C-alpha cells in the first residue's frame, strides 16, 4: 500500500505540490507566530534578568490594581534607612523610574509607541545600564542618555538638550552614553539617567521614590533576605527577589506585546489553515472522482474498502507531513520577515532573541500540518472506499451518492440558523469580552460553512451573470467557459468557496472598520462641541500647566480638562473616573442624555456623578444610587448618581464627577485631553496657532481643530485596516492555489474534449481564453458571495454593537475593489492551467487513456 | 465546389512518419503518395499497426509528417503555423471520431454550432439545414447523454458538415455502433458525397463499412499495398484476409 501511495504521488507531483502549498502557508503563519512571540519573550527575559543582576531584592509599594495611565506609585524615601538597618542587608539604594521625553533642538523626541524613561542614577552594584562612553552624571543638570538616542539624533557627550517634565522643559547636558543589557535601543525607547535629586524635583517627588534596590551580605541568599525584609517592613510594601522582580517585569512587558500580537497573528494563521483545509477537501474530492477506474481496479484485485480508504488517507498524510516540515522552515522565514517589518516601522525594532529550533514548535507544526490535511481528506477518502469494483471496467461509472447528500440543504440551513443564533447571543450577552468574541467567531464560522454548502445552488445563476459580458465577446470561449463552470456546480462552488472565505472576511473587516470610523467621527462631532482639542502624543497625559496656558490664550473662551483615573466601585467593578470642571463642562460638552441634562454637569462639585449608560447597565446603577468608590491608593469616597448619559466612545466605561471631589480622592492631576471652545467670530485656525504658541513649553501637548482630529483618528483606523488587509491577503493567496489546483485537475479530466476542440478548430489562444474565463467566473462567484456574506455579517455585528456606538456604513468603493481583486485572482490563477491546456497536442489529447 | 482547377481535395506526396531514432526507429508511414479527388468517398483499411490512422492524422493536419507534403485544396500544410493550421481545420476540414465526439454539457444543436461559433460566424439557417439533413431536428435540444450512440454520431456528422468543408475525415465512425446505427451513419456519409458534393476519407477495419466507399486503399507496414475503385464486399474480405495472414 505504501509503495502504491508513493508511486501515485510521484506521478502527480504538480498536484501534490500545489495541494501541499495550500496547507504549508497556513502552517508557516502559525509557526512563525509562535517563533516570533517566543523570541520576544526570551529577549525580554534576558534583558530584565541582566538588568537586575546586581539587585538581590527589590522593595516596591503595594498596590491593589494599576492606577491611572502612566502613574507609578511611590514610597517615602525614609524607607531606605529602614531597609539598611535590617539584618543581612549589604547596601540599599533608592530608585525612581519616570516618563520624560528628551527635547533636542526644540524638537520633541517620541518614537511611536515607545516610552521615554527617566531614571534616577543608582550607585553600583545597582545601576542597570552599562556605560559605553563618558561618565555618569554627578552634578545637577547632568544626564546620561542611551546610545540609540545619541546615534539617531546626532547628539553626544557635551551636547545640551531638554527633558520634558510636568513642569516644563528642563535644560540638561549629556555627560555619558549608556547601553541597556547590550542593546542600545529598544524599539526607539529612550533612557535618560539623572541624579536622584534632579529627578525628584522635576516630578514633584521630593522625599518620595518608586522602589528600593537591596543587595545581600555575602552568605545571605536573596530568598532569605527577602524574607527578613518582608518581616521587618510594614504591609504597605512588597518584597521580591531580584529574579522574581525581573520575571514579573519581563512578563508584564511581554504580556502587553504578546497578548495582542499572538492571538491576532494566530487568528490569521488559522484562517489560512481553514482555507487550506478546504482546498485539500476539494482537491481530494476531485481526484477521487477522476481515479474511479484506478480505485475500482484496486477493489477487483482484492483490496478491501478500508485499504482503499487508507490509501487516500495515506496520501494526505504524506502531503501533510511535507507541508508540516516545509511549513516549519517557512515559519522561521515568516518570523524573520516580521522582525524586519518591525524594524522598519519602529526604529530599533522590538528586541528578539535568536530564533531557536524548539522541539515544541516543530511538533506543533507537524501536528497541525498532518492533522489539518488528514482531517480534510477524510470524507473524500471515505467516498473512495465506496467505489465498486465494476468501475474498473465501465466507462462513466459514478460513485453512488452518499445517503446524507439529500439532506445537505436542510443541514446547511440548520447550521446557518445556529450560527446566527450564536452570533446574536454573543453580541447581547454580558460575559467576558474574549468569551463573547469566541462565541461570535464560532457562529460566523458556522454561517460561512453553511453558505459554502448552499452556494452550489447559486452557481448557475451567478455564472450566467458574471459570464454574460464574456459570452458577448466574439468566439466560443465565453460560452464554453460558462458551461464548463456550470457543469458541476458543487465543484465550482467548492473551489469558489476558498476565495469566498478570504474576500468575505476582508469585506467584513472593511464594513466594520467603516462603522468604527463613523462612530468615532460622529462622537467627536457631537460630544466634543468644542473647536479645539489638545492631546498628548500617544495618548499620554499632558502637564496640568497646559490648562492655564490654553485658557489664557486670546480667543479661547472655555477649556474643559479631562483628568482621568481608575476606581474600584463596590458592586460594579472597575471604572474610569473623569474629573471635569463643572462650569466649563456644562458649556462645552454635548452629551447624549438618557436621564437628565447638561445642567447636572454644572452641579458636579457638590459630590454628584453622572454615569455612562453601558456602565450603569453592567453595574446596576440608577439615578439616586450612591457610588462607593476606592482609588488605587486606597482612598475612598462616595458620589450620588444624578444622571445617565450615553457615550460609548469618549467618556466611556465609567462616570463623571466634579474636579474638586475628584482631587480629594484620586492622585491624577494631568489631563488626558483638553477641549477648548473659541470666542464666536474668531478664526479657528488662527486661534489654534495661538494656542500652539502658548503650549510651546509643553512639547508633549498637541493642539488640533476638531476637523483635524477627526481626520487623524480616521487615518489611524485606516492604517490598522490596511494591516488587517495584508494579513487577510494571505488567505486570498492560498485560495488562489485552490483555484489553480481545481483548474489543472479539470483540464486533466477533460483532455479528450480539449483535444476534440483543438481538432475542430479552437486555436491555442482561444483555448487559453476559455480556461481563463472559466477561472474568472469561478473566482467571481467566490467574490460575489464573499462580499455579500461579509457585508451581511458586518450588519449583524453592527446591529448588536449599536449601543456601543458602532454604526453600519457600507464602503461601496472598497467593495468594488474587492470584486475586482477576485476577478484579478481568477485571471492570475488561470495562467498556469491555461498554458498547460494550450500545450496539449490535439492528437495525444484525443487518445489520452 | 472546387476552388482550384484540378479538383483534388487532398494530396499526399512522399509522406513519411517516423517514430524514434536510429536503430529503434519505426516508420508508421513510409513514402505514401496518394490523391483524393473532390466528390469521392474513399475507405482506408489495413491491420493494426498498418499506419492507416497515422495517415489520416497526417492528412488532417493533426500530426506533422517527418517527410513529404500534404496539400489540402491547393494549400500545403507544411508551411502553415499552428494557428493557420487550426483555422484550416475550422473551415476546410471536418473530423469525425470513433467516440467522445461531443461536448457533454452542450445540446445537440450547440454541438453542431461549435465550429461556426469558434470562427465567430454563426449562421442559424445553415445549422437548421444541416440538422435536417441528418434527421435530428426533433432531438436538437437534447444533451449527448440523452441520445443513443447512433444519434450522437449523427450530431457529429452534422458538426463536421456544418462548415461545408473541403474534406471530411472519419476515424472508425461505426466502430462503437451496432449494425443498424452503423448503416445509418454510412448512408449519411454517402449522401453527403452524392448529394452534397463532399469528399470523405474514412478509416475502417470493417469490410462492410468499406463497401459503401467508391475506392478502397489498403495499407500494410506504412505503405499503400492496394488501391482499387468499386470493390465488392467479397473482394474486400479476400484482400483483408490476405493481408492479415503473412
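No lab work stands behind these numbers, since they all come straight from the coordinates. On a predicted model such as this, the values are computed, not experimentally measured, just so you know. Counting neighbours? That spans all protein chains shown, and the Cβs are built from the backbone with ideal geometry, glycine included.
Worth a mention:
- Among A:119, A:461, the ranking by other beta carbons within 10 Å of each residue's beta carbon, starting with the fewest, stands as A:461, A:119.
- Cα-based helix-to-principal-axis angle, A:489-527 vs chain A, degrees rounded to 10: 20
- Shielding by partners - mean other protein chain Cβ count within 10 Å, residues of B:83-90: 4
- Given their separation in residues at 0.36 nm each and the Cα-Cα distance between them, residue A:131 and residue A:437 gain 105.4 nm when the chain is fully extended.
- Area projected by the alpha carbon convex hull of chain B, averaged over all directions, nm²: 13.9
- Normalised by 2.2 N^0.38 Å, where N is the number of residues, the C-alpha radius of gyration of the stretch A:671-728 stands at 1.50.
- Average other protein chain Cβ within 10 Å of Cβ, residues A:754-767: 6
- Stokes-Einstein D for the stretch A:570-630, Kirkwood Rh over Cα pairs, 25 °C, 0.890 mPa s (µm²/s): 197
- Sorted by Cβ neighbour density within 10 Å, fewest at the top, the residues A:464, A:135, A:153: A:135, A:464, A:153
- With contacts taken as Cα pairs under 8 Å at a separation of at least 6 residues, the stretch A:190-348 carries a relative contact order of 7 percent.
- Prolate is the label for the stretch A:242-377. Its Cα gyration tensor axes, ordered a ≥ b ≥ c, give a/c of at least 1.5 and a/b above b/c.
- Helix A:305-345 axis, angle to chain A major axis (alpha carbon atoms, nearest 10°): 40
- The stretch B:12-55-the stretch A:128-168 distance, computed between alpha-carbon centres (Å): 94
- Prolate/oblate/rounded call for the stretch A:179-261, Cα gyration tensor, a/c under 1.5 rounded: oblate
- Our summary gives chain A a relative contact order of 16 percent, counting only alpha carbon pairs under 8 angstrom and 6 or more residues apart.
- Spatial offset of the stretch A:444-501 relative to the stretch B:88-137 amounts to 27 Å, using the alpha carbon center of each.
- Average partner coverage of B:101-109, which counts Cβ from other chains inside 10 Å: 4
- Relative contact order computed over the stretch A:116-200 (Cα-Cα under 8 Å; 6+ residues apart), in percent: 47
- The sum of -39500 (n - 2.57) across all DSSP H runs of n ≥ 4, divided by the residue count of chain A, sets its helix-only mean residue ellipticity at 222 nm to -19000 deg cm²/dmol.
- Alpha-carbon centroids, the stretch A:804-849 and the stretch B:154-223: separation in whole Å: 43
- Stokes-Einstein D for the stretch A:781-849, Kirkwood Rh over Cα pairs, 25 °C, 0.890 mPa s (µm²/s): 159
- Its Cα gyration tensor gives the stretch B:50-96 an equivalent ellipsoid, and the semi-axes of that ellipsoid, as √(5λ) in whole Å with the largest first, are 17, 13, 9.
- Cα extents of the stretch A:439-545 along the three principal axes, largest first (Å): 76, 39, 22
- Fraction of alpha-carbon pairs over 16 Å apart in the stretch B:112-208 - percent: 55
- Cβ-Cβ distance of residue A:167 and residue A:605, R₀ of 22 Å, FRET efficiency by 1/(1 + (r/R0)^6): the value works out to about 0.25.
- Helix B:108-119 axis versus longest C-alpha principal axis of chain B: approximately 70°, rounded to the nearest ten.
- Extending 7 Å from Cα along the Cβ direction at residue A:472 and again at residue A:714 yields two label points whose distance is 3.5 nm.
- Expressed as a whole percent, the proportion of Cα-Cα pairs in the stretch A:108-245 lying more than 21 Å apart is 49%.
- Cβ-Cβ FRET estimate between residue A:63 and residue A:340, R0 fixed at 25 Å, reported to 0.05: 0.05
- Sorted by Cβ neighbour density within 10 Å, fewest at the top, the residues B:226, A:29: B:226, A:29
- Anisotropy class of the stretch A:485-553 from Cα gyration tensor, a/c 1.5 cut: prolate
- For chain A, the equivalent ellipsoid built from the Cα gyration tensor has semi-axes of 61, 34, 25 Å, listed from largest to smallest.
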